[in-house]
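S.K.: Okay, here's the structure, questions in a sec.
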Amino acid sequence: MKIIYAYEQDAIDPSVQSGRPFSILQQFKAAGHNVVPAFPVNRRLKYLYGLKYAYYQRRGLTYWPDREPFYLRSLAWQIERRVRQTKADFLFSPGSLAIAALRIDVPKIFCADATFANVLEFYGSFQNCAEEFIRQGHEQERKALDNCTMAIFPSEWAAQTAMAYYGAACEKVHVIPFGANIEALPRDVILRAIEGRRFDRFHLLFVGRDWYRKGADVVLATCAHLHRLGFPITLDLVGIAEPPVPVPPYVTLHGLLSPSDAGQRQRLESLFCNAHVLFVPSRAENFGMVFCEAAAFGVPSVATATGGIPTIVREGITGAALPQDSLPETFAQTIGQLLSDPVRYRRLALSSRDEYEARLNWRTFAQRFFEHAQRIGLTV
């Protein structure tokens, strides 16, 4: 099968979009398909909107030029020019921007972690938006959904918005969870790691770059409460080099650990293997691949039931997702109950790894993707 892989950024860079474009590209190639790259494209046209950006910024409004109709058409034109003589079975994009204005006579499929309506007023970078930008964002999303043959989202939260808000036909919208963007260790290694986790000291792990959005302040408050209750805890903070507040002695700062660096990857793997719980109580999260990564290491997650997280963090299967407005004391109670019952804990750790193997990996994503592609008439 010949697949045009279209994207505005460099899909072979694992650091782009948390590695999602790279991981999907690798799975397509691993399955033996002929992938025709139509990425990256020239995005310098965005700079033409610098004055407009400055105008809205002075008024305290959020505006980004990547939904401007002329800019979207420039992305599409570059892709069309690169694949003009290519006969492909379908075109795929790991995002909706390149699809919106694309005029190419092959089935078009995209996947995205959320719609524009999902992120609007949800993420800090999409709050207090200019009316023009809001209008452009909704129009771009609607055009992409109208223009595609199939749209893939990793959560019911995003898929339902595509259908309910933008009127996308239910037969073209599908839910396939994304995978973990870290190489999982063999199952027998993880089983030994789970059995080796002692219960005389508890290791909590936080992974995230955004202190407030990822809820690191809630993590510190929860750990302080656990400490007062007498739980012998340690907390490893990954992704944040300089916290905005002092941290207690039981907290270790690791900074950003990149999986692309062998030494840093080994440190990250060791932290996951030794952790009892991944604790990331995000205030906003389109999906949260870090929870897939925790499952790969047999580490239950404690999180908030916001955005796409409930697709991954399931009560009694991969952890617990509490209401977003839960107090640190409530999180502490949930974590404390889990760590006070070794039998229940190990059962949850094993089921977390099972969920990774069955559902939360990129190989399964690709398998389900091509199953859906067959149902719309594509020969795989």
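S.K.: What is the set of long-range amide H partners of V280 at a cut-off below 5 Å, with H atoms built 1.01 Å from backbone N?
M.R.: V302
S.K.: In a solvent-free Debye calculation with one equal scatterer on each Cα, what is log10 I(q)/I(0) for the chain at q = 0.07, 0.08, 0.13, 0.15 Å⁻¹, listed in the order of the q values?
M.R.: -0.34, -0.44, -1.09, -1.34
S.K.: Now a separate question. If the cut-off is a Cα-Cα distance under 24 Å, which lysines reach K52, setting aside same-chain residues fewer than 8 apart in sequence?
M.R.: Straight-line reach from K52, under 24 Å: K143.
S.K.: What number comes out for the charge environment of R187, summing +1 per Lys or Arg and -1 per Asp or Glu over other residues with Cβ under 12 Å away?
M.R.: -1
S.K.: Which whole-number percent gives the relative contact order of the range 187-358, counting Cα pairs below 8 Å spaced six or more residues apart?
M.R.: Relative CO of the range 187-358 lands at 23 percent.
S.K.: For q values of 0.14 Å⁻¹, compute log₁₀ I(q)/I(0) with the Debye formula on a Cα-only model of the range 187-358, without solvent.
M.R.: Those come out to -0.66, one per q.
S.K.: So what's the back-of-envelope 222 nm ellipticity for the chain, counting only DSSP H runs of four-plus at -39500 (n - 2.57) apiece and dividing by all residues, rounded to 500?
M.R.: -12500 deg cm²/dmol
S.K.: May I pose another question? State the answer as a single residue: which of V302, F370, S282 lies farthest towards the positive end of the charge dipole of the chain, with beta carbon charges of +1 for Lys and Arg and -1 for Asp and Glu, about the Cα centre.
M.R.: F370
S.K.: Tell me which aspartates and glutamates have Cα within less than 19 Å of K214's Cα, excluding those fewer than 8 residues away on the same chain?
M.R.: Cross-link targets: D113, E121, D236, E242, E285, E293, D325, E329.
S.K.: Which of the peptides 315-326, 163-174, 43-54, 103-114 is most tightly packed, and how do the rest follow, going by the mean number of other Cβ atoms within 10 Å of each residue?
M.R.: Those peptides, ordered most packed to least, come out 103-114, 315-326, 163-174, 43-54.
The numbers here are math on the coordinates, done by the rules we state, and not lab data. The structure displayed is predicted, hence computed values, not measured ones. FYI the Cβ positions are ideal-geometry reconstructions off the backbone, even for glycines, and counts take in every protein chain you see.
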